[in-house]
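Structure first, then comments.
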Amino acid sequence: MPVPIRRLFVALTLCCALLAGATACGGTTDEATRDTAAVVAAATPSPSTSAEHQKLAKTRFVANAGLAAGATYQWIVKPWKAGKFKKGASGRRFALVKAGLAGAFAYNRLKAAKKNAQGDPALSKALAPLTAGIDSLKDLPSKLRKGDSTDATANSFDDIINKVKDAGKSAGAEVTDEVPSAGQLAGGS
């Protein structure tokens, strides 16, 4: 099937126009790289100053430590003091499962708070002695879920949370309990 000469002429004209336009706008490679870098730099946010970074570190520390403290108090310390973890208590199994989830959540948020504290010199100094204590909480949520040594486990969580709160207060970042939602607890963050 022969191609009409008019279509061939239009296609050839368009190709030439595109080729001429591309070479006319090209410039040197350095200019193109510089222009691309300028566009990328304008699109990305600029890094914050060290003072803003430290303020954000304290704010994030307070938020993460507050969530850990709230989860620990609501689902570990409060049921422990009420005797829900004792053998034969009604709702013991459900309380232990919730405590295990809360323990995993609290451990996750304490690790995030420890990381946030590294952005602020005062917080990092205050939290440095507690690093080993926070790391020791890693295996405790599974002990809570199983019901093994619940008194010692709940006491460990309570002690570490109180020490983190005291460290934050001494560095000027007072931590208040903030109970996480069920979605946050189930999601782990």
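Each reported figure results from applying straightforward, stated rules to the coordinates on display, with no laboratory input. Quantities reported herein were computed from a predicted structural model and do not represent experimental measurements.
Quote the Stokes-Einstein diffusion coefficient, in whole µm² s⁻¹, for segment 103-143, based on the Kirkwood radius over alpha carbon pairs, a temperature of 10 °C and a viscosity of 1.306 mPa s.
On the way: Rh = 10.5 Å.
For the chosen part, D equals 151 µm²/s.
Please report, for the Cα atoms of segment 50-184, the Rg to one decimal and the Dmax as a whole number; what are they, in angstrom?
Taking only Cα atoms of segment 50-184, I get Rg and Dmax of 15.0, 55 Å.
Would you mind giving the average projected area, over all directions, of the Cα convex hull of segment 74-145 in nm² with one decimal?
Its average projected convex-hull area is 5.1 nm².
Give me the compactness ratio for segment 67-116, meaning the Cα radius of gyration over 2.2 N^0.38 Å.
Against the compact-globule rule of thumb, the ratio is 1.23.
Expressed as a fraction of 2.2 N^0.38 Å, the rule-of-thumb size for a compact globular protein of N residues, what is the C-alpha radius of gyration of segment 104-189?
That works out to 1.11 for segment 104-189.
Considering only lysines 8 or more places apart in sequence, or on different chains, count the pairs in segment 85-124 whose C-alpha atoms sit under 28 Å apart.
Taking segment 85-124 as the scope, the lysine pair count is 5.
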